[in-house]
Amino acid sequence: MNPAAPSNSFTHALYRKAEIRAIEAAAIADLPAGELMRAAGKAASELVQTKFTPRDGAILILAGPGDNGGDALETGQLLAARGYTVDIALCADSLLYSAAANLSLQQARASRATFISLEQILENQAPAYALVIDGLFGIGLSRAITADSVFGQLIQHINQLAEKFAIPILALDVPSGLDADTGQVIGPQGVAIEANTTLSFIADKVGLHTAAGRDYAGRVLIDSLGVADNHFPPPSGILSHAAMFAGLLPARRLDSHKGSYGEVMVIGGAHGMMGAAILAASAALYCGAGRVYVGFIDAAPAYDAQHPELMCRMAAELDFSKACVVIGPGLGNSELTASLLARALQQAPYVVIDADALNLIASSAPLRALLLARSQSLKSSIMTPHPLEAARLLGISTAQVQADRWQAALDLASQFQATIILKGAGSIIATSQQPLCINTSGNPALASGGTGDVLAGVCGALLAQQMAANDAARMAVWLHGCAADQLVEHACDAIGLTASELIPAIRNCLNQQQKKHSKPQRFQPLSK
Ligand SMILES: NC(=O)C1=CN([C@@H]2O[C@H](COP(=O)(O)OP(=O)(O)OC[C@H]3O[C@@H](n4cnc5c(N)ncnc54)[C@H](O)[C@@H]3O)[C@@H](O)[C@H]2O)[C@@H](O)CC1
Ligand SMILES: [K+]
């Protein structure tokens, strides 16, 4: 089987460890003993064969104390049988192995693979390995691999050698040391393998795509090990991908006008922070909102010279009753801002709550009650917290949010009955009713001031164009990341991307997406 093409139908599905264990248990009941481990070894060895020939050099296999070690031994014996030079470091008491892992060990011992000791690896400063395969720990890792433990020293040594000599690391199932649910290195003082590629088994895992997961897992490939589709429950999460957004923005009708595409009012831009509101409003404009107002807090400029289309007003003058209100960018924290937020929560059919507006809600029970009342009257609300804002909203620390971003996003969605965008590496989009979504686009170039304001404006434009809140949030985050990816690839590098540059790039991505996926217009010119 091609490891990049899982056989089950949920190709973008994400599961937590407990769900994977349940799928595994159901599948094992249908299969001959050891079949999943054999399939794991076959998938991994075939993946290696697509990239390396036996002449490229030796392969080092790290086999740990559980079934992840069994997968590694199975892979090793298959590669040895195919003529590769294989060194195996057995880091386990084989008496404790499962029957399946024991069988793989016996076959590996009977193969042409060489068993080497940990000391041999730790002493070796310049190995000629073409590849390291990490089968130390998988989803069974239950406590930290501390830096000073034997496993910890081995992992650090391998990471250093891999970096120094550009040796690729293939992790089996999960990079050892990483929590497959949270995407964090299991601590305290834990270390983890930094893989280039992770071949994950049965189904994709949440922790490979959020928090530090992407840094440790590298490219993620999935092999379902032939587990039948009927063993997979509906996924509790999905990865975003282009096809998800097909048709969400209908093609524009020829007889449409600016009133057809909604009204966005960005409320913010207090003294010293006017740019934040302008960025959000410009993003709304470039993403197709029919009319865009900026409601300033302290003083409104006559117009914005770069975008004279924006209508600059005092926030207190604006009527929110038909608008999508994006409130927060540069809002500050005064009595006026709290009353503006209360009015937006009561009147606006759609709101995007960002930045300072999130902090106001975190500290005010009446505002929180107004937000909750919106869900009763079917008004749409998107909240866009970064981890610190999420921590304030939940009354916990930022470290607790980051320790389990998935759970934090779920808690926010259920406590505030809103669509949540928990920002950060692997942004999570959550509602209390639908599967969570982890965004797959974007890169560290987005880590600069103003990009969050831009995201809020994109959300506002999509909501104003009648997109459901969950779809708007998923698509906005995806477009925002795609724009940064395209800029990094074609225009600049990862350093120095500005929020302003992002805005026209988001418009390009949105239009590319529209061209690719929208239905043809009803009237095509005859001559073309
Ligand atoms: N059970 C099955 O049917 C399948 C299992 N598979 C593989 O098996 C893995 C899960 O296997 P296991 O449940 O055996 O778990 P692991 O192989 O992840 O390791 C668990 C073992 O590590 C020990 N351990 C945990 N934390 C430790 C630490 N910090 N320091 C030292 N030792 C520690 C545990 O006591 C246990 O012996 C999956 O990730 C996957 O690679 C696959 O082969 C697919 C099928
Ligand atoms: K592993």
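The values are calculated or read from the model by the stated rules, or taken from the named source; none is laboratory data. Keep in mind that what you see is a predicted model, and the values were worked out from it rather than measured. All Cβ positions, glycine included, derive from the backbone under ideal geometry; neighbour counts span all protein chains shown.
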Worksheet item: So which pairs qualify, if the first residue must be in segment 196-208 and under 11 Å from K17 (Cα atoms), the second must be near ligand 2 (Cβ under 10 Å from one of its atoms) and among the basic types (K, R), the Cβ gap must be under 7 Å, and the two must be at least 6 apart or on different chains?
Response: none
Worksheet item: Among the numbered criteria (1) away from ligand 1 (no atom under 16 Å from the Cβ); (2) in contact (Cβ under 8 Å) with a residue 24 or more places away in the chain; (3) not in a loop (DSSP other than H, G, I, E, B), which single criterion is violated by N230?
Response: (2)
Worksheet, complete the sentence: Here the residues within segment 291-306 that are more than 12 Å from G328 (Cα to Cα) and at pLDDT 95 or above are R291, V292, Y293
Worksheet item: Does segment 329-347 contain any residue that is among the hydrophobic types (A, V, I, L, M, F, W, C), assigned by TED's automatic domain parsing to the domain that holds M475 and touching an Asp or Glu at 6+ places or on another chain (Cβ under 7 Å)?
Response: yes
Discussion item. Among the residues of segment 92-108, are any under 28 Å from the mean Cα position of the chain (by Cα) and free of Cβ contacts under 8 Å to residues at least 12 places away in the same chain?
Written reply: no
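Among the residues of segment 446-461, are any part of a strand (DSSP E or B) and buried (at least 24 other Cβ atoms within 10 Å of the Cβ)?
no
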Worksheet item: Would a scan of segment 57-76 turn up a residue that is in contact with a strand residue (DSSP E or B) (Cβ under 6 Å, 6 or more places away or on another chain), at pLDDT below 95 and more than 30 Å from P234 (Cα to Cα)?
Response: yes
Fill in: Selection within segment 16-50 - in contact with a strand residue (DSSP E or B) (Cβ under 8 Å, 6 or more places away or on another chain) and either more than 20 Å from V174 (Cα to Cα) or aliphatic (A, V, I, L, M) (or both)
I20, I23, L36, A39, A40, A43, A44, L47, V48
Worksheet item: Considering segment 73-101 alone, what residues qualify as being more than 18 Å from L136 (Cα to Cα) and either surrounded by fewer than 21 Cβ atoms within 10 Å (Cβ to Cβ) or of a type in the set (V, I, T) (or both)?
Response: A81, R82, G83, T85
Worksheet item: I158: in contact (Cβ under 8 Å) with a residue 24 or more places away in the chain and buried (at least 19 other Cβ atoms within 10 Å of the Cβ), yes or no?
Response: yes
Worksheet, complete the sentence: Among (1) surrounded by 24 or more Cβ atoms within 10 Å (Cβ to Cβ); (2) over 18 Å from the mean Cα position of the chain (by Cα), R374 falls short only on (1)
Item to complete: Inspect segment 197-206 for any residue being at pLDDT below 95 and away from ligand 2 (no atom under 16 Å from the Cβ) and give the result as yes or no.
Response: no
Worksheet entry | segment 489-500 residues that are closer than 13 Å to G449 by Cα, paired with ones that are not in a helix (DSSP H, G or I) and not charged (D, E, K, R) (beta carbon under 6 Å, 6 or more apart) | A499/G450
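Is there a residue being in the same structural domain as A323 (by TED's automatic domain parsing), β-branched (V, I, T) and part of a helix (DSSP H, G or I) anywhere in segment 399-406?
yes
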Worksheet item: Out of curiosity, is T440 among the hydroxyl-bearing types (S, T, Y) and touching a residue at least 60 places away in the same chain (Cβ under 8 Å)?
Response: yes
Worksheet, complete the sentence: Among helices (runs of 4 or more DSSP H) entirely within segment 92-191, at least 1 residues that are hydrophobic (A, V, I, L, M, F, W, C) and within 12 Å of ligand 1 (Cβ to nearest atom) occur in 99-110, 150-165
Item to complete: Report, ordered by the first and then the second residue, all pairs with beta carbons closer than 7 Å, sequence separation of six or more or different chains, a first member in segment 28-55 that is of a type in the set (D, E, K, R), and a second member that is assigned to a helix (DSSP H, G or I).
Response: R38/E74; K42/L78
